[in-house]
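Only the coordinates and a few stated rules stand behind these numbers; no lab work does. Nothing here was measured: the structure is a model prediction, and the numbers come from that model. Ideal geometry is used to build each Cβ from the backbone, glycine not excepted, and the neighbour counts take in all protein chains shown.
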Amino acid sequence: MESCSCGALLPENAAWCPICFKAPVDGDDLLDELHDTFRKTTWSPSEALTAPSAPPVHSRWQSGPRSFGLRVKLAISFVSIGITALGAMSFGFFFVAPWIIATALLMYATWTRERVR
Ligand SMILES: [Zn+2]
């Protein structure tokens, strides 16, 4: 005895469910139809989709989507270290200590290796 999707038991070779009048579906026929559909499909992915991606390139010196090039990094370094040094000479290291920490963090973020490709 099969059962309908509504939960009712179907008599043998019933044309429809006596409760919800839905025509019973044979699971094996449905699976065969699905396999037929996939056999008829002729699409195959293009080479660009299946080709392995190039290995990533990391660099400290080259510019990438998330990092500046060498010239900008040098400019950032000279300006921020220069301002910090001027501050330390003018006000002493004690008062410039937070600024020195900020400069160190900026230098770390600027010169860390980033993925460029
Ligand atoms: Zn039913």
Go through Phe94, Trp61, Gly27 and say which Cα lies farthest out towards the positive end of the charge dipole of the chain; charges sit on Cβ, +1 for Lys and Arg, -1 for Asp and Glu.
Phe94
If one takes the longest principal axis of the Cα atoms in the chain, at what angle in degrees, from 0 to 90 and to the nearest 10, does the Cα axis of helix 93-111 lie?
50 degrees
Kindly state, to the nearest 0.05, the FRET efficiency for Ala8 paired with Thr41, given R0 = 30 Å and r defined as their beta-carbon distance.
0.25
Which order results if Cys17, Cys6 are arranged by neighbouring Cβ count within 10 Å, fewest first?
Cys6, Cys17
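How large is the charge dipole for the chain, taken about the Cα centre, if only the Cβ atoms of Lys, Arg (+1) and Asp, Glu (-1) carry charge, to the nearest 20 debye?
It works out to roughly 1680 debye.
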